[in-house]
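Peer 1: Dropping a structure here in structure tokens format, bear with me for questions.
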Amino acid sequence: MDAVVTAPIEQTVHAQIEAQLPALRRFARQLCRAISDREDLVQETVMRALRSSHQFRPNTNLRSWLFTIMRNTFNTEYRRRCREPAGMDPERFERISISAPQEWAVCRSELRSALKRIPFSTRRTLLLVAMGVSYIDTARLCACEIGTVKSRVNRARKMLEDDIGRPGVM
């Protein structure tokens, strides 16, 4: 019995939605510049309204309901487009992954702990070279020979690799 009662109401709503198409097109013109975007927005609004027509309450303003659907659809699409980089194909964008910031924090913490376990002179030499100081200048700052600097850096890298377990940290 409910299906018989609701069917004419939904058909009436569908007819009223069709009657509101010119108003929807005018409203879409205010929201979108491109004609294709306007047409897409009107089509998406009508599709959402038809899917949700059972939720429309009789004796309320259908135009306001449709305009609300259109505005929400436009805002959702706008936010989605702002999140996507311009000019990148969506399939490639989906494949790009960024590791979680927590993982970087854990790696940084592991590295700091491992660096603290390296003897001071070796750690100092490694950090100077890692910051871009030349071997010659590092040798002067540490008051040692260039061969000693290279040896200390190599030993420190080996200690870090053994401690952390991932080659190529530095």
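Peer 1: Give the residues of region 128-170 that are open to solvent by less than 90 Å² (accessible area, probe 1.4 Å), closer than 20 Å to V106 by Cα and either of a type in the set (S, T, Y) or without any contact (Cβ under 8 Å) to a residue 40 or more places away in the chain (or both), sorted by residue number.
Peer 2: E161, G165, G168
Peer 1: Mind checking which residues of region 116-137 are farther than 18 Å from K158 by Cβ and part of a helix (DSSP H, G or I)?
Peer 2: Filtering region 116-137 down to residues farther than 18 Å from K158 by Cβ leaves 131-134, 136-137.
Within region 116-137, I136, D137 qualify.
The values are calculated or read from the model by the stated rules, or taken from the named source; none is laboratory data. These numbers come from a predicted model, not from an experiment. FYI the Cβ positions are ideal-geometry reconstructions off the backbone, even for glycines, and counts take in every protein chain you see. Please note that ligands, DNA and RNA were not included when accessible areas were found on the heavy atoms of the full protein model with its side chains. Shrake-Rupley method; radii C 1.70, N 1.55, O 1.52, S 1.80 Å.
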